[in-house]
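Engineer: The following block contains the structure, expressed as C-alpha cells.
The values are calculated or read from the model by the stated rules, or taken from the named source; none is laboratory data. Owing to the predicted nature of the structure, the values given are computational and were not obtained by experimental measurement. Here the Cβ positions follow ideal geometry from the backbone for every residue, glycine too, while neighbour counts run over all protein chains shown.
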Amino acid sequence: MLGNSPFYHQLTRKAVVLFGRLFDDITLVRKNSQTGKEMNRFQVPIVYSPKEKMVTRLFSDPDLLKTVQVILPRMGFEITGVSYDATRKQNSLLKAAKANTATHVNSMYMGVPYDITFALNIYARNIDDGTQIVEQILPFFNPDFTVSANMVPDLGFLKDIPVILNSVTNNIEYEGNFDSVRYVNWTLNFTMKMYYYGPKI
C-alpha cells in the first residue's frame, strides 16, 4: 500500500489481548448470608464476544441447564470503535530507532494516535454477584489505568498505554414470569490510547 512493502505489527490484536488481561484474574466469593462464612470462590471467565451473542445465548437457555459454554457470572468484551486522536499527534518526521547490528539500525516513524473503545459486559445471576465484580474494577480507574507494553518489538522500548473508564451502566431484567431466571448486566465503556506504526525504514 502506498508503495511500501507489506507490514503487520498485530497492534489491534495486541490491544485486545492487553485489554482482556486487565480483567482475567477477577475472583468472585460467595458467603453464607447468615454466618458470613465463605462457601466457595471461583475465577470469573472472560471472553471476546459481542453483547448480542451473549444475550442470545442467555435467552436460548435462560435456566442455564446446559453444562457447557455459559455459566454465570461471566464477562465478555468487544471493540466498539476506532477513532483518530488529533490531541496526541506528534511531529510526523520524528523517528524511533533501535540498533539491530553493529552496522544496521531499525527505525520507523513515530506512531499515529488512535483511540480504541471497548465495551466490557458483565453478566450475573443476581445483583450481589454483579456489584462484587464491578467493585473489583472501579478502584483501579480514576478514571484511567496505565499499562506499559512492548507493542512493537522492533522499536525496543516500552510504551505507556492509558486505559480510561468512560461510563458504567447496569440493566436488570425484570420481564418474564416468576419462574423465569433473571440476569443482571453491567456495561463498562473504556478508551485505550493506542499508537499505530508504519513499516520499518
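Engineer: If we keep just the residues of segment 1-44 that are in contact with an Asp or Glu (Cβ under 7 Å, 6 or more places away or on another chain) and hydrophobic (A, V, I, L, M, F, W, C), which is farthest from E135 (Cα to Cα)?
Structural biologist: V29
Engineer: Need a quick list: strands (runs of 3 or more DSSP E) entirely within segment 10-73 having at least 2 residues that are loosely packed, with under 12 Cβ neighbours inside 10 Å and modelled with pLDDT under 90.
Structural biologist: On the way: elements: 27-31, 38-43, 46-48.
In segment 10-73, 38-43 are the strands (runs of 3 or more DSSP E) which contain 2 or more residues that are loosely packed, with under 12 Cβ neighbours inside 10 Å and modelled with pLDDT under 90.
Engineer: A further question follows. State all residues of segment 1-19 that are without any contact (Cβ under 8 Å) to a residue 60 or more places away in the chain and either among the aliphatic types (A, V, I, L, M) or in contact with a strand residue (DSSP E or B) (Cβ under 6 Å, 6 or more places away or on another chain) (or both); if no residue qualifies, say none.
Structural biologist: M1, L2, V17
Engineer: Is segment 160-174 home to any residue that is at pLDDT below 75 and surrounded by 14 or more Cβ atoms within 10 Å (Cβ to Cβ)? Walk me through it before giving the result.
Structural biologist: Keep residues of segment 160-174 that are at pLDDT below 75, which gives 173-174.
Cutting the leftovers down to surrounded by 14 or more Cβ atoms within 10 Å (Cβ to Cβ) gives us 173.
Yes: segment 160-174 contains one or more residues that are at pLDDT below 75 and surrounded by 14 or more Cβ atoms within 10 Å (Cβ to Cβ).
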